[in-house]
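The structure under discussion appears below in the form of C-alpha coordinates.
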Amino acid sequence: MNAAPRVAAAARAPQDEPAGRAGSILDLVGNTPLLDVTAMAPELSPRVRLFAKLEGCNPGGSVKDRAALWMVRHGLASGALRPGKTIIDSTSGNTGIALAMIGAALGYPVTLVMPENVSRERKRIIAAFGARVVYSSGLEGSDGAILRCRALLEEAPDRYFKPDQYFNPLNPQAHIESTGPEIWTATAGQVTHFVAGIGTGGTVMGTGRALKARNARVQVIAAEPDDALHGLEGLKHMATSIVPGIYHEAELDGKVAVPTDAAYDLVYALGARLGLIVGQSSGAALYAARKVARDLDAGTVVMIFPDFGNRYLSTNLWAGWDEWRQRHPSA
Amino acid sequence: MPVKVRIPTPLRRFTGGSEEVGADGATVGAVVEDLERQFAGIKERLCDEEGRVRRFVNLYLNGDDIRFLSHLDSATKDGDELSIVPAIAGG
(Lines give C-alpha, C1' and ligand atoms only; values in the text may rest on other atoms or scores of the structure.)
Protein backbone atom coordinates (compact mmCIF):
# COMPACT_ATOMS: atom_id res chain seq x y z
CA MET A 1 0.00 0.00 0.00
CA ASN A 2 2.97 2.30 0.34
CA ALA A 3 3.60 4.33 -2.77
CA ALA A 4 6.93 6.04 -3.25
CA PRO A 5 7.78 7.89 -0.03
CA ARG A 6 6.81 11.52 -0.17
CA VAL A 7 10.17 12.87 0.86
CA ALA A 8 9.45 16.29 -0.59
CA ALA A 9 6.78 16.90 2.03
CA ALA A 10 9.40 16.76 4.78
CA ALA A 11 11.83 19.02 3.03
CA ARG A 12 9.45 21.72 1.90
CA ALA A 13 9.41 24.84 4.02
CA PRO A 14 6.05 25.71 5.60
CA GLN A 15 6.26 29.31 4.39
CA ASP A 16 5.53 28.08 0.85
CA GLU A 17 1.86 28.14 1.87
CA PRO A 18 -0.19 31.28 2.51
CA ALA A 19 -0.68 32.17 6.19
CA GLY A 20 -3.38 30.07 7.82
CA ARG A 21 -2.94 27.19 5.40
CA ALA A 22 -0.72 24.12 5.55
CA GLY A 23 0.55 21.90 2.77
CA SER A 24 1.40 18.97 5.06
CA ILE A 25 0.30 17.88 8.50
CA LEU A 26 3.99 18.10 9.40
CA ASP A 27 3.97 21.85 8.83
CA LEU A 28 1.62 22.13 11.81
CA VAL A 29 4.14 20.80 14.35
CA GLY A 30 5.19 23.39 16.94
CA ASN A 31 4.10 26.98 17.59
CA THR A 32 1.86 25.83 20.42
CA PRO A 33 0.22 28.41 22.72
CA LEU A 34 1.21 29.43 26.26
CA LEU A 35 -1.75 29.48 28.63
CA ASP A 36 -1.74 31.54 31.83
CA VAL A 37 -2.47 29.04 34.62
CA THR A 38 -1.60 31.34 37.55
CA ALA A 39 -5.15 30.88 38.85
CA MET A 40 -4.19 27.32 39.80
CA ALA A 41 -1.88 28.64 42.52
CA PRO A 42 -3.63 31.37 44.56
CA GLU A 43 -0.99 31.01 47.29
CA LEU A 44 1.72 32.63 45.16
CA SER A 45 3.14 36.13 45.35
CA PRO A 46 1.06 38.43 43.10
CA ARG A 47 4.25 39.10 41.14
CA VAL A 48 4.63 35.46 40.08
CA ARG A 49 2.93 34.10 36.97
CA LEU A 50 2.60 30.53 35.79
CA PHE A 51 2.30 29.58 32.14
CA ALA A 52 1.72 26.20 30.56
CA LYS A 53 2.78 25.41 27.01
CA LEU A 54 -0.04 23.35 25.53
CA GLU A 55 1.78 20.70 23.55
CA GLY A 56 -1.46 18.84 22.99
CA CYS A 57 -2.04 21.39 20.21
CA ASN A 58 0.51 19.63 18.02
CA PRO A 59 -1.12 17.63 15.20
CA GLY A 60 -0.13 14.28 16.72
CA GLY A 61 -1.43 15.52 20.05
CA SER A 62 1.79 15.75 22.05
CA VAL A 63 5.19 17.34 22.56
CA LYS A 64 6.69 14.23 20.97
CA ASP A 65 5.79 15.46 17.49
CA ARG A 66 8.76 17.80 17.70
CA ALA A 67 11.47 15.27 18.52
CA ALA A 68 10.01 12.69 16.15
CA LEU A 69 9.92 15.14 13.24
CA TRP A 70 13.47 16.36 13.85
CA MET A 71 14.81 12.81 14.09
CA VAL A 72 13.02 11.66 10.92
CA ARG A 73 14.03 14.75 8.95
CA HIS A 74 17.63 14.22 9.97
CA GLY A 75 17.36 10.57 8.95
CA LEU A 76 16.12 11.60 5.50
CA ALA A 77 18.80 14.26 5.13
CA SER A 78 21.60 11.88 6.15
CA GLY A 79 20.28 8.99 4.04
CA ALA A 80 19.84 6.73 7.07
CA LEU A 81 16.11 6.72 6.23
CA ARG A 82 15.46 5.98 2.58
CA PRO A 83 12.88 4.11 0.48
CA GLY A 84 12.62 0.45 1.49
CA LYS A 85 13.30 1.14 5.17
CA THR A 86 10.86 0.88 8.03
CA ILE A 87 10.86 3.36 10.92
CA ILE A 88 11.09 1.45 14.23
CA ASP A 89 11.30 2.57 17.85
CA SER A 90 10.31 1.64 21.37
CA THR A 91 7.77 3.95 22.92
CA SER A 92 5.15 4.09 25.61
CA GLY A 93 2.84 5.93 23.32
CA ASN A 94 3.22 9.56 22.39
CA THR A 95 6.44 9.13 20.42
CA GLY A 96 4.82 6.16 18.73
CA ILE A 97 1.81 8.23 17.75
CA ALA A 98 4.12 10.96 16.43
CA LEU A 99 6.23 8.53 14.40
CA ALA A 100 3.13 6.76 13.05
CA MET A 101 1.69 10.12 11.96
CA ILE A 102 4.95 11.18 10.32
CA GLY A 103 5.38 7.80 8.62
CA ALA A 104 1.85 8.05 7.23
CA ALA A 105 2.45 11.60 6.00
CA LEU A 106 5.73 10.66 4.32
CA GLY A 107 4.76 7.21 3.04
CA TYR A 108 7.15 5.17 5.20
CA PRO A 109 6.06 2.04 7.10
CA VAL A 110 6.37 2.23 10.90
CA THR A 111 6.86 -0.53 13.50
CA LEU A 112 6.50 0.33 17.20
CA VAL A 113 7.44 -1.70 20.26
CA MET A 114 5.45 -0.81 23.37
CA PRO A 115 4.33 -2.36 26.65
CA GLU A 116 1.06 -4.26 26.25
CA ASN A 117 -0.64 -2.14 28.92
CA VAL A 118 -0.57 1.18 27.06
CA SER A 119 -4.00 2.78 26.93
CA ARG A 120 -6.63 1.56 24.48
CA GLU A 121 -6.88 5.01 22.91
CA ARG A 122 -3.19 4.95 22.01
CA LYS A 123 -3.41 1.53 20.41
CA ARG A 124 -6.38 2.69 18.36
CA ILE A 125 -4.73 5.94 17.22
CA ILE A 126 -1.55 4.14 16.18
CA ALA A 127 -3.55 1.53 14.27
CA ALA A 128 -5.43 4.33 12.50
CA PHE A 129 -2.12 5.64 11.15
CA GLY A 130 -1.40 2.19 9.69
CA ALA A 131 1.59 1.39 11.91
CA ARG A 132 2.46 -2.13 13.07
CA VAL A 133 2.74 -2.66 16.83
CA VAL A 134 4.86 -5.25 18.67
CA TYR A 135 3.91 -5.61 22.32
CA SER A 136 6.40 -6.20 25.14
CA SER A 137 5.52 -7.31 28.67
CA GLY A 138 3.57 -4.84 30.76
CA LEU A 139 5.54 -6.03 33.78
CA GLU A 140 8.77 -4.71 32.28
CA GLY A 141 7.53 -1.20 31.51
CA SER A 142 9.25 0.96 28.92
CA ASP A 143 12.64 -0.60 29.63
CA GLY A 144 11.20 -3.93 28.45
CA ALA A 145 10.11 -2.25 25.20
CA ILE A 146 13.60 -0.78 24.72
CA LEU A 147 15.20 -4.23 25.07
CA ARG A 148 12.63 -5.92 22.79
CA CYS A 149 13.21 -3.26 20.13
CA ARG A 150 16.96 -3.82 20.31
CA ALA A 151 16.41 -7.53 19.74
CA LEU A 152 14.25 -6.89 16.64
CA LEU A 153 16.92 -4.60 15.23
CA GLU A 154 19.64 -7.17 15.76
CA GLU A 155 17.65 -9.69 13.72
CA ALA A 156 17.48 -7.41 10.65
CA PRO A 157 19.55 -4.26 11.09
CA ASP A 158 19.32 -3.26 7.41
CA ARG A 159 15.54 -3.26 7.37
CA TYR A 160 15.01 -0.49 9.87
CA PHE A 161 15.64 3.16 10.64
CA LYS A 162 15.59 3.65 14.40
CA PRO A 163 15.25 7.27 15.53
CA ASP A 164 16.24 6.14 19.04
CA GLN A 165 14.67 8.94 21.05
CA TYR A 166 16.63 8.03 24.18
CA PHE A 167 20.02 8.52 22.56
CA ASN A 168 19.45 10.71 19.47
CA PRO A 169 20.80 14.29 19.90
CA LEU A 170 18.16 15.47 17.42
CA ASN A 171 15.61 14.88 20.21
CA PRO A 172 16.90 17.74 22.42
CA GLN A 173 17.85 19.63 19.24
CA ALA A 174 14.17 19.87 18.29
CA HIS A 175 13.57 21.78 21.52
CA ILE A 176 16.67 23.94 21.11
CA GLU A 177 15.33 25.02 17.72
CA SER A 178 11.59 25.19 18.42
CA THR A 179 10.25 24.90 21.99
CA GLY A 180 12.90 27.13 23.59
CA PRO A 181 12.67 30.02 21.11
CA GLU A 182 8.86 29.83 21.18
CA ILE A 183 8.84 30.23 24.98
CA TRP A 184 11.35 33.08 24.80
CA THR A 185 9.20 34.93 22.26
CA ALA A 186 5.87 34.25 23.99
CA THR A 187 7.19 35.58 27.32
CA ALA A 188 9.02 38.49 25.65
CA GLY A 189 12.21 37.18 27.25
CA GLN A 190 10.72 37.40 30.75
CA VAL A 191 10.84 33.66 31.55
CA THR A 192 12.76 33.04 34.80
CA HIS A 193 12.03 29.35 35.41
CA PHE A 194 11.39 26.40 33.14
CA VAL A 195 9.77 23.21 34.45
CA ALA A 196 9.29 19.96 32.52
CA GLY A 197 8.91 16.29 33.29
CA ILE A 198 11.59 13.77 32.38
CA GLY A 199 10.64 11.02 29.96
CA THR A 200 13.62 10.80 27.65
CA GLY A 201 14.94 14.11 28.96
CA GLY A 202 14.80 15.65 25.47
CA THR A 203 12.34 18.42 26.31
CA VAL A 204 13.94 19.58 29.55
CA MET A 205 17.49 19.35 28.19
CA GLY A 206 16.90 21.03 24.82
CA THR A 207 14.50 23.74 25.97
CA GLY A 208 16.69 24.42 28.99
CA ARG A 209 19.75 24.90 26.80
CA ALA A 210 17.91 27.24 24.45
CA LEU A 211 16.66 29.40 27.32
CA LYS A 212 19.99 29.49 29.16
CA ALA A 213 21.72 30.51 25.92
CA ARG A 214 19.48 33.61 25.91
CA ASN A 215 19.62 34.26 29.66
CA ALA A 216 22.03 32.19 31.75
CA ARG A 217 19.99 32.93 34.90
CA VAL A 218 16.94 30.97 33.74
CA GLN A 219 16.46 28.09 36.19
CA VAL A 220 15.72 24.70 34.65
CA ILE A 221 13.86 22.24 36.87
CA ALA A 222 12.81 18.67 36.08
CA ALA A 223 9.75 16.91 37.47
CA GLU A 224 10.11 13.21 38.11
CA PRO A 225 8.02 10.51 39.79
CA ASP A 226 8.71 10.17 43.52
CA ASP A 227 9.01 6.39 43.31
CA ALA A 228 9.96 3.60 40.92
CA LEU A 229 6.36 2.34 40.95
CA HIS A 230 4.26 5.30 39.83
CA GLY A 231 1.34 6.26 37.63
CA LEU A 232 2.81 9.17 35.72
CA GLU A 233 2.71 7.74 32.22
CA GLY A 234 5.42 9.25 30.07
CA LEU A 235 7.74 10.09 32.95
CA LYS A 236 10.73 8.15 34.21
CA HIS A 237 12.10 7.62 37.72
CA MET A 238 15.73 8.03 36.74
CA ALA A 239 17.35 6.29 39.71
CA THR A 240 15.70 2.99 38.77
CA SER A 241 15.54 3.24 34.96
CA ILE A 242 17.83 2.81 31.98
CA VAL A 243 19.22 6.36 31.89
CA PRO A 244 18.77 7.93 28.41
CA GLY A 245 21.99 8.94 26.69
CA ILE A 246 20.64 12.43 26.01
CA TYR A 247 19.91 13.07 29.70
CA HIS A 248 22.57 15.06 31.56
CA GLU A 249 21.41 15.73 35.08
CA ALA A 250 24.29 18.13 35.78
CA GLU A 251 22.63 20.70 33.48
CA LEU A 252 19.58 20.91 35.71
CA ASP A 253 19.20 23.49 38.47
CA GLY A 254 16.90 21.23 40.42
CA LYS A 255 14.48 18.32 40.45
CA VAL A 256 11.08 17.97 42.08
CA ALA A 257 9.79 14.54 43.12
CA VAL A 258 6.10 14.27 42.27
CA PRO A 259 3.66 11.91 44.03
CA THR A 260 1.27 10.30 41.54
CA ASP A 261 -1.85 11.04 43.58
CA ALA A 262 -1.04 14.75 43.82
CA ALA A 263 -0.51 14.96 40.05
CA TYR A 264 -3.83 13.21 39.36
CA ASP A 265 -5.67 15.60 41.67
CA LEU A 266 -4.20 18.56 39.77
CA VAL A 267 -5.42 17.06 36.48
CA TYR A 268 -8.95 16.97 37.94
CA ALA A 269 -8.60 20.53 39.22
CA LEU A 270 -7.42 21.82 35.82
CA GLY A 271 -10.51 20.38 34.18
CA ALA A 272 -12.94 21.77 36.74
CA ARG A 273 -11.32 25.19 37.19
CA LEU A 274 -9.82 26.08 33.81
CA GLY A 275 -11.72 23.91 31.37
CA LEU A 276 -8.53 22.14 30.39
CA ILE A 277 -8.29 18.34 30.29
CA VAL A 278 -4.67 17.17 30.25
CA GLY A 279 -2.68 14.00 30.81
CA GLN A 280 -1.07 13.00 34.09
CA SER A 281 2.39 14.31 33.13
CA SER A 282 0.85 17.80 32.92
CA GLY A 283 -0.45 17.39 36.46
CA ALA A 284 3.10 16.47 37.47
CA ALA A 285 4.50 19.57 35.75
CA LEU A 286 1.99 21.80 37.54
CA TYR A 287 2.81 20.20 40.89
CA ALA A 288 6.52 20.89 40.36
CA ALA A 289 5.97 24.40 38.99
CA ARG A 290 3.85 25.39 41.99
CA LYS A 291 6.49 24.06 44.34
CA VAL A 292 9.18 26.08 42.57
CA ALA A 293 7.00 29.20 42.39
CA ARG A 294 6.13 29.22 46.10
CA ASP A 295 9.66 30.30 46.98
CA LEU A 296 9.62 33.25 44.57
CA ASP A 297 8.81 36.89 45.20
CA ALA A 298 8.61 37.61 41.47
CA GLY A 299 9.04 35.52 38.35
CA THR A 300 7.63 33.95 35.22
CA VAL A 301 7.47 30.18 35.46
CA VAL A 302 6.86 28.26 32.25
CA MET A 303 5.98 24.58 32.27
CA ILE A 304 5.30 22.00 29.59
CA PHE A 305 1.89 20.32 29.42
CA PRO A 306 2.94 17.40 27.17
CA ASP A 307 -0.51 16.35 25.95
CA PHE A 308 -4.27 16.58 26.46
CA GLY A 309 -6.26 14.13 28.52
CA ASN A 310 -8.49 12.61 25.89
CA ARG A 311 -6.08 9.73 25.27
CA TYR A 312 -6.22 8.67 28.94
CA LEU A 313 -9.96 8.57 29.50
CA SER A 314 -9.96 4.76 29.78
CA THR A 315 -7.00 4.65 32.18
CA ASN A 316 -6.67 4.57 35.96
CA LEU A 317 -6.07 8.34 35.89
CA TRP A 318 -9.82 8.85 36.16
CA ALA A 319 -10.45 6.10 38.75
CA GLY A 320 -10.34 8.64 41.58
CA TRP A 321 -12.36 11.43 40.00
CA ASP A 322 -15.70 10.79 41.75
CA GLU A 323 -14.01 10.80 45.12
CA TRP A 324 -12.07 13.98 44.30
CA ARG A 325 -15.31 15.66 43.23
CA GLN A 326 -16.89 14.81 46.57
CA ARG A 327 -13.94 16.32 48.40
CA HIS A 328 -14.04 19.47 46.21
CA PRO A 329 -17.74 20.17 45.60
CA SER A 330 -17.19 23.82 44.73
CA ALA A 331 -14.31 23.25 42.29
CA MET B 1 1.16 -24.72 46.20
CA PRO B 2 0.70 -21.02 46.97
CA VAL B 3 -0.46 -18.20 44.71
CA LYS B 4 2.18 -17.26 42.14
CA VAL B 5 2.80 -13.52 42.23
CA ARG B 6 4.46 -11.85 39.24
CA ILE B 7 6.56 -8.88 40.34
CA PRO B 8 7.16 -5.88 38.03
CA THR B 9 10.63 -4.46 37.54
CA PRO B 10 10.17 -1.46 39.87
CA LEU B 11 9.32 -3.74 42.81
CA ARG B 12 11.98 -6.39 42.33
CA ARG B 13 14.29 -4.54 44.72
CA PHE B 14 11.95 -5.82 47.45
CA THR B 15 12.08 -9.43 46.25
CA GLY B 16 15.85 -9.66 45.83
CA GLY B 17 15.40 -9.45 42.07
CA SER B 18 12.87 -12.29 41.77
CA GLU B 19 10.32 -11.94 38.98
CA GLU B 20 7.97 -14.42 40.58
CA VAL B 21 7.37 -15.27 44.22
CA GLY B 22 4.90 -17.44 46.12
CA ALA B 23 2.47 -16.06 48.69
CA ASP B 24 -0.37 -17.59 50.68
CA GLY B 25 -3.89 -16.32 51.31
CA ALA B 26 -7.52 -17.00 50.53
CA THR B 27 -8.07 -13.52 49.07
CA VAL B 28 -5.97 -11.06 47.10
CA GLY B 29 -5.83 -8.90 50.24
CA ALA B 30 -4.45 -11.80 52.28
CA VAL B 31 -1.89 -12.54 49.56
CA VAL B 32 -0.76 -8.89 49.72
CA GLU B 33 -0.43 -9.20 53.52
CA ASP B 34 1.71 -12.30 53.07
CA LEU B 35 3.86 -10.45 50.53
CA GLU B 36 4.38 -7.71 53.12
CA ARG B 37 5.35 -10.29 55.74
CA GLN B 38 7.99 -11.68 53.36
CA PHE B 39 9.10 -8.43 51.73
CA ALA B 40 8.63 -5.57 54.17
CA GLY B 41 7.65 -2.30 52.51
CA ILE B 42 6.00 -3.75 49.42
CA LYS B 43 2.41 -3.25 50.61
CA GLU B 44 2.86 0.49 50.97
CA ARG B 45 3.75 0.61 47.27
CA LEU B 46 0.60 -1.24 46.30
CA CYS B 47 -1.96 0.21 48.72
CA ASP B 48 -2.72 3.66 50.12
CA GLU B 49 -2.97 4.64 53.80
CA GLU B 50 -6.54 3.35 53.91
CA GLY B 51 -5.48 -0.03 52.58
CA ARG B 52 -7.01 0.38 49.12
CA VAL B 53 -5.11 -0.54 45.96
CA ARG B 54 -3.46 2.61 44.59
CA ARG B 55 -5.07 4.07 41.49
CA PHE B 56 -1.98 3.54 39.37
CA VAL B 57 -1.45 -0.09 40.32
CA ASN B 58 -3.25 -2.85 38.49
CA LEU B 59 -3.64 -6.29 40.04
CA TYR B 60 -4.63 -9.03 37.65
CA LEU B 61 -5.84 -12.35 39.05
CA ASN B 62 -5.43 -15.00 36.35
CA GLY B 63 -5.56 -12.19 33.82
CA ASP B 64 -8.64 -10.42 35.22
CA ASP B 65 -8.40 -6.94 36.76
CA ILE B 66 -9.47 -7.29 40.41
CA ARG B 67 -11.40 -4.01 40.06
CA PHE B 68 -13.86 -6.03 37.99
CA LEU B 69 -13.82 -8.93 40.47
CA SER B 70 -14.16 -8.19 44.19
CA HIS B 71 -11.14 -5.93 44.61
CA LEU B 72 -8.95 -7.09 47.52
CA ASP B 73 -11.71 -9.48 48.60
CA SER B 74 -11.38 -11.49 45.37
CA ALA B 75 -10.97 -15.15 46.32
CA THR B 76 -7.71 -16.90 45.54
CA LYS B 77 -6.71 -20.53 45.52
CA ASP B 78 -3.47 -22.48 45.23
CA GLY B 79 -1.93 -22.20 41.79
CA ASP B 80 -3.61 -18.90 40.91
CA GLU B 81 -1.47 -16.25 39.29
CA LEU B 82 -1.53 -12.66 40.56
CA SER B 83 0.23 -10.08 38.36
CA ILE B 84 1.20 -6.65 39.63
CA VAL B 85 1.27 -4.35 36.61
CA PRO B 86 2.51 -0.77 36.94
CA ALA B 87 1.74 2.24 34.79
CA ILE B 88 4.02 2.83 31.85
CA ALA B 89 7.23 4.78 32.37
CA GLY B 90 9.28 6.73 29.92
CA GLY B 91 8.66 8.67 26.70
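Any idea how many residues of region A:164-194 are on the phi > 0 side of the Ramachandran plot and within 14 Å of chain B (Cβ to nearest Cβ)?
So the count comes out to 1.
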_Being without any contact (Cβ under 8 Å) to a residue 60 or more places away in the chain, within 22 Å of residue A:193 (Cβ to Cβ) and touching a strand residue (DSSP E or B) at 6+ places or on another chain (Cβ under 6 Å) is the requirement here; does residue A:32 meet it?_
no
*Just checking, how many residues over region A:140-154 are within 12 Å of chain B (Cβ to nearest Cβ), of a type outside the set (Asp, Glu) and surrounded by fewer than 21 Cβ atoms within 10 Å (Cβ to Cβ)?*
1
_Cβ-Cβ under 6 Å pairs, at least 6 apart or on other chains, region A:43-71 side farther than 13 Å from residue A:31 by Cα and modelled with pLDDT of 95 or more, far side among the acidic types (Asp, Glu) and outside any strand (DSSP E or B)_ = A:45/A:297
*Per-region count, region A:96-123, residues in a strand (DSSP E or B) and either among the aromatic types (Phe, Trp, Tyr) or at positive phi (or both)*: 0
*When region A:236-250 is examined, which residues are found to be within 7 Å of chain B (Cβ to nearest Cβ) and touching a residue at least 24 places away in the same chain (Cβ under 8 Å)?*
A:236, A:241
*Specify the residue that is farthest from the other protein chains (Cβ to nearest Cβ); the eligible residues are those in region B:49-91 that are of a type in the set (Asp, Glu) and closer than 22 Å to residue A:141 by Cα.*
B:64
*Looking only at residues in region A:119-134 that are within 14 Å of residue A:312 (Cα to Cα) and in contact (Cβ under 8 Å) with a residue 60 or more places away in the chain, which one is surrounded by the most Cβ atoms within 10 Å (Cβ to Cβ)?*
A:122
*asked:* So the check is Cβ under 7 Å with 6+ separation or different chains; which pairs have a first residue in region A:156-177 that's free of Cβ contacts under 8 Å to residues at least 60 places away in the same chain and a second one that's of a type outside the set (Asp, Glu) and surrounded by fewer than 20 Cβ atoms within 10 Å (Cβ to Cβ)?
replied: A:176/A:209
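Looking only at helices (runs of 4 or more DSSP H) that lie completely in region A:154-268, which have at least 3 residues being touching a strand residue (DSSP E or B) at 6+ places or on another chain (Cβ under 8 Å) and not basic (Lys, Arg)?
On the way: elements: A:170-174, A:180-186, A:202-214.
The qualifying helices (runs of 4 or more DSSP H) are A:180-186, A:202-214.
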_Any hit, region A:263-274, residues being at positive phi and not hydroxyl-bearing (Ser, Thr, Tyr)_ = no
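Name the residue, out of B:43, B:4, that is within 14 Å of chain A (Cβ to nearest Cβ), charged (D, E, K, R), touching a strand residue (DSSP E or B) at 6+ places or on another chain (Cβ under 7 Å) and not in a loop (DSSP other than H, G, I, E, B).
On the way: B:43 fails: touching a strand residue (DSSP E or B) at 6+ places or on another chain (Cβ under 7 Å).
Result of the check over B:43, B:4: B:4.
Could you go through region A:76-93 and let me know if any residue there is over 20 Å from the mean Cα position of the chain (by Cα) and surrounded by 19 or more Cβ atoms within 10 Å (Cβ to Cβ). Before you say what the answer is, go through the steps one by one.
Of region A:76-93, the ones over 20 Å from the mean Cα position of the chain (by Cα) are A:76-86.
From what is left, the residues that are surrounded by 19 or more Cβ atoms within 10 Å (Cβ to Cβ) are A:81.
Within region A:76-93, one or more residues are over 20 Å from the mean Cα position of the chain (by Cα) and surrounded by 19 or more Cβ atoms within 10 Å (Cβ to Cβ).
I'm trying to understand the selection: among the residues of region A:202-220, which are buried (at least 19 other Cβ atoms within 10 Å of the Cβ) and either in contact with a His (Cβ under 9 Å, 6 or more places away or on another chain) or of a type in the set (Gly, Ala, Ser) (or both)? Outline the logic, then answer.
Going residue by residue through region A:202-220, those that are buried (at least 19 other Cβ atoms within 10 Å of the Cβ) are A:202-208, A:210-211, A:218-220.
Hits for region A:202-220 are A:202, A:203, A:204, A:205, A:206, A:207, A:208, A:210, A:218, A:219, A:220.
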*asked:* Checking residue A:137 against (1) buried (at least 22 other Cβ atoms within 10 Å of the Cβ); (2) within 14 Å of another protein chain (Cβ to nearest Cβ), only one condition comes out false. Which one?
replied: (1)
*Residue by residue through region A:76-95, note down the ones that are more than 10 Å from every other protein chain (Cβ to nearest Cβ) and among the small types (Gly, Ala, Ser).*
A:77, A:78, A:79, A:80, A:84
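Could you check region A:240-260 and list, in sequence order, the residues that are over 21 Å from residue A:208 (Cα atoms) and surrounded by fewer than 16 Cβ atoms within 10 Å (Cβ to Cβ)? Steps first, please.
Kept after step one, since they are over 21 Å from residue A:208 (Cα atoms), are these residues of region A:240-260: A:240-242, A:259-260.
A:242, the sole residue that qualifies.
The values are calculated or read from the model by the stated rules, or taken from the named source; none is laboratory data. Everything numeric in this text was worked out from a predicted model, so none of it was measured. Cβ: placed from backbone, ideal geometry, glycine included. Neighbour counts: every protein chain shown.
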